[in-house]
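Novice: Structure in structure tokens, see below.
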Ligand code: FES
Ligand SMILES: [Fe+2]
């Protein structure tokens, strides 16, 4: 395998660009009806509010009149009113009231597409979404319960954090898991790639212990969206755990992330209670996952100088990321 020098890559591990896609803005419960908040995303300042109809609306932050930050403003019904001279903007972005004139002026806010999934508000960084918000392939179309896991900041690029989960060798070296993993990769669409373990796990004592819970391969699969969101599926055949790692690039090539814990909805009060326990268990699994790597993320200077056969999945991931539509930090304009 050839070296994949960081300097030759178009978007992977680059601090000033990113893949067009859905990015996490804010946990849904942190934006109540009638609230407006400021969010920084990929170099852009946004104001995000929830109107009385319950929809989350995301707009560029600065008022087209004189540039006041709209997160200082007030939600009125489904519209947003700027604090400074009280111009009012409808949920379509259109200016609908200028009090000093007694009529609106023909300007509008730039509106971004939002969606809510797994208890998170997501934003599409392009004009029109070409994909749905990130989902766990196994749970497509299934109603789910979810909970917020951990919020974190790492001193390296989101892409570098993401490849950790398919770095099969490091399970032995960092996490001391006596587990043999070989992935097969499948592109689900131009923005999503799934890596699934194909082995029975090896022949350690640990594997002999968990073997009865698996018919064939030991379940461990990852689905990556836009190179910065990763869903993990693992656990015995009869009880899968689902963790979503939602990352976003910070200034200087760093990472801000939030984990989401997910499980299919179960009916009745017992289903509800059972799910609380399951989500708590999922958090323990997620915790175990994160443990050990934090130190590495603090100091790594990623440079894939000497890839080996064991790094094959990482190389596949990089290639998949490189083929996607690339946008520039702050302007969100396409880079060719
Ligand atoms: S700056 Fe917003 S109304 Fe004037
Ligand atoms: Fe790890």
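The values are calculated or read from the model by the stated rules, or taken from the named source; none is laboratory data. In this text, all values refer to a predicted model and were calculated from it rather than measured experimentally. Here Cβ is always computed from backbone atoms with ideal geometry, including for glycine, and neighbour counts include all displayed protein chains.
Novice: Could you grab me the full set of residues in the stretch 262-283 that are surrounded by 13 or more Cβ atoms within 10 Å (Cβ to Cβ) and within 21 Å of residue 221 (Cα to Cα)?
Specialist: 262, 263, 264, 278, 279, 281, 282, 283 - these are the residues of the stretch 262-283 that are surrounded by 13 or more Cβ atoms within 10 Å (Cβ to Cβ) and within 21 Å of residue 221 (Cα to Cα).
Novice: Follow-up. Which numbered condition trips up residue 236, out of (1) at pLDDT 85 or above; (2) crowded, with 19+ Cβ neighbours inside 10 Å?
Specialist: (2)
Table: residues versus (1) within 16 Å of ligand 2 (Cβ to nearest atom); (2) under 23 Å from residue 175 (Cα atoms).
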position	(1), (2)
243	yes, yes
248	no, no
253	no, no
261	no, yes
271	no, no
280	no, yes
294	yes, yes
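Novice: So in the stretch 40-54, with the set limited to residues that are part of a loop (DSSP other than H, G, I, E, B) and free of Cβ contacts under 8 Å to residues at least 40 places away in the same chain, which one is nearest to residue 23 (Cα to Cα)? Don't jump to the end; show me each part of the working.
Specialist: Taking the stretch 40-54 first, the residues part of a loop (DSSP other than H, G, I, E, B) are 42-43, 51-54.
Still in the running and free of Cβ contacts under 8 Å to residues at least 40 places away in the same chain: 52-54.
On the way: 52: 24, 53: 23, 54: 20 Å.
The qualifying residue nearest to residue 23 (Cα to Cα) is 54.
Novice: Something else: For residue 286, state whether it is in contact (Cβ under 8 Å) with a residue 40 or more places away in the chain, more than 17 Å from residue 140 (Cα to Cα) and surrounded by 13 or more Cβ atoms within 10 Å (Cβ to Cβ).
Specialist: yes
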